[in-house]
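What follows is one structure encoded as C-alpha cells, with my remarks underneath.
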Amino acid sequence: MTLETRLSAATDELRQRTSDLVPPDLPGRREGFPYAWIAVGLGVLLASFILWPSPISEQSLASDTSRDTYTDEFGRVWYATDCPSADVLLVGSADGLPMKGHTSFERVQSYVGDGGRASVVPRNGQVWERLGDGSISVTHVDDYMIEVTINDESECPQMPISNNGIPVAFRLVGD
Amino acid sequence: MTGADNRRSVRNSVDPIVLSLETFEAFYRREYGAAVRLAYVLSGSRWGAEDLAQEAFIAAQQRWHEIGRYSNPGSWLRLVIANRSVSLYRRKLAEGRALVKALAGSRKALEASQPEFEEVWAAVRKLPQRQSQVIMLKYVEEQTLQEIAEVLGLSVPTVGTHLQRARKALAESLGTMTEEKTT
C-alpha cells in the first residue's frame, strides 16, 4: 500500500467520522450591527465599574480553612486540587488572577450547567481590577470558582484552567 | 512570488467587484467540519479540536468586516488553526476548556480513529511543524500547492520542498512507498 493510499483512506475515515458535526452557537454570534453590540458591552462594563458593590457579601460562605493550600518559591499561594498541573492560584500577581466581578456567585453559577459534574465552590482569593488612573489593583474577596469532578487522573488538564474568566478546580470522584 | 508576497496576498486580497459578501453565518456553517478536521489532525486532541476551531471562528467573527472581504477567508481561517493547533500551550488550553464543558454536560469528544488510521495521523504530527501543516492541507483539504502557499504565507517552491520531505519522512516512518507526485 502506498503512502498516498494510506493518507487517502485515513482522510476518508476522518471525514466520515466528522460528517455529523453540528456547529454550536458561538458566544455573542450576531450578524450585522457589531459595533452596536460592542458599544453595549462597553457600557455595561463601565456601569459595572461604577456601580460594583464592595466585596460580595450576601452569598459569601465562610472560608474553608481546612483547604489544602501551599506557597510556591515565588510567594504565590495555590489551592491544591487533585490535578497538580491545574492548581488554582489564590494569591499572586494580577497575571494569573481572575478579574474582579468575574467570580461572583451569580456569574459562576450561570456557567455551571444542570446535571453535569460541575459545581460552584468558594475560592476566597485575590482578584484584580483596573483603576481609573489605569493602574492595576489586587484585592482579596470572598469569591467563587467552578469545581468539576473527574473519574481518574488521566482526565487532568496540563495547566491551570479558567472558563470565561472563572478558575476551575478539579476533584477526583470519591475524594 | 515570495512568502512575504503571499502573506500580503492572503490578507489584502479584496475584490472590489464582489458586492454580495458571504455572511459570517454561512461561512461558519460551511467551514466548520473542515476546520475541526484540520485542528484534530494537527493537534491530535479529540477533546480540544472543536475548541481550537471555534477560537479561530471567534477571531474571524470579530474581524469579519475585514476578513469577509478577502477573496478567500478560508485561507485566513486555516492559517490561524494551523498555527494554534501546533502550539502546545494553545492545545492544552483548548483541551482543558473542552474538558470543563464536557464535565458540565455540554460537550463530547470526537470519536476515536481506528488504530490503523490513527497511526497515520500520529506520524503526520511527528513531522516538523511546516511539513505536517503542508501534508494536512494537501491531503485532507485537497488544496493545490498554490493554495497551500497562500494559506501558510510561503512560496510555492518552498511548499513543494516541504511536501517532498514530508512524504519521504512519512513513507519511512509508516514503512510504505511514496508515489513521486509534486502537484
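The values are calculated or read from the model by the stated rules, or taken from the named source; none is laboratory data. All values derive from a computational prediction rather than experimental measurement. Cβ atoms come from the backbone with ideal geometry, glycine included; neighbour counts cover every protein chain shown.
Here are a few things to note about the model shown:
- Among the numbered conditions (1) of a type in the set (K, R); (2) at pLDDT below 65; (3) crowded, with 20+ Cβ neighbours inside 10 Å, the only one that B:R7 does not meet is (3).
- Of all residues making up the stretch B:149-172, the number that are over 16 Å from the mean Cα position of the chain (by Cα) and either more than 12 Å from chain A (Cβ to nearest Cβ) or more than 19 Å from B:S43 (Cβ to Cβ) (or both): 13
- Of all positions in the stretch B:52-68, none carries a residue that is closer than 20 Å to B:A123 by Cα and either out of contact with any helix residue (DSSP H, G or I) (no Cβ under 7 Å at 6 or more places or on another chain) or in contact (Cβ under 8 Å) with a residue 40 or more places away in the chain (or both).
- The stretch A:130-154: number of residues that are in contact (Cβ under 8 Å) with a residue 24 or more places away in the chain and either surrounded by 15 or more Cβ atoms within 10 Å (Cβ to Cβ) or assigned to a loop (DSSP other than H, G, I, E, B) (or both): 10
- Selected residue (criterion: nearest to A:Q126 (Cα to Cα)) from residues of the stretch A:156-175 that are at the interface with chain B (Cβ under 7 Å from one of its Cβ atoms) and surrounded by fewer than 19 Cβ atoms within 10 Å (Cβ to Cβ): A:M159
- Elements of type helices (runs of 4 or more DSSP H) contained in the stretch B:35-148, each with 2 or more residues being at pLDDT below 80 and either surrounded by fewer than 19 Cβ atoms within 10 Å (Cβ to Cβ) or more than 10 Å from chain A (Cβ to nearest Cβ) (or both): B:88-103
- Restricting the stretch A:94-129 to residues that are of a type in the set (S, T, N, Q) and surrounded by 13 or more Cβ atoms within 10 Å (Cβ to Cβ), the residue that is nearest to the chain's Cα centre (by Cα) is A:T103.
- Meets criteria (among the aromatic types (F, W, Y) and closer than 28 Å to B:S87 by Cα) for A:F74: yes
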